[in-house]
Amino acid sequence: MNIDQKLLDIIVCPACHGELEAVADELVCQGCGNAYPVRDDIPVLLVDEARKPA
């Protein structure tokens, strides 16, 4: 995954506004645990597309 750190510093989880952490090919919310896919180095921050925590 090749996402600029400046972008990662300003985007937040659309569900709870928590901080996102880059993990493999996903951005994982530190608040609610939703994992958002990254496709072609573009974060897909849609709640309907998120993988819910187990």
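The values are calculated or read from the model by the stated rules, or taken from the named source; none is laboratory data. Model, not experiment: these values are computed from the prediction. Don't worry about glycine lacking a Cβ; one is built from the backbone with ideal geometry, like all the others, and counts go over all protein chains shown.
A few comments on the model shown:
- Tally, over the stretch 1-36, of residues that are under 12 Å from residue 50 (Cα atoms) and of a type outside the set (Asp, Glu): 11
- The set of residues in the stretch 3-20 being among the acidic types (Asp, Glu) and either in contact with a helix residue (DSSP H, G or I) (Cβ under 6 Å, 6 or more places away or on another chain) or modelled with pLDDT under 95 (or both) consists of 4, 9.
- If you go through the stretch 26-54 and keep only what is in contact with a strand residue (DSSP E or B) (Cβ under 8 Å, 6 or more places away or on another chain) and touching a residue at least 40 places away in the same chain (Cβ under 8 Å), you end up with just 43.
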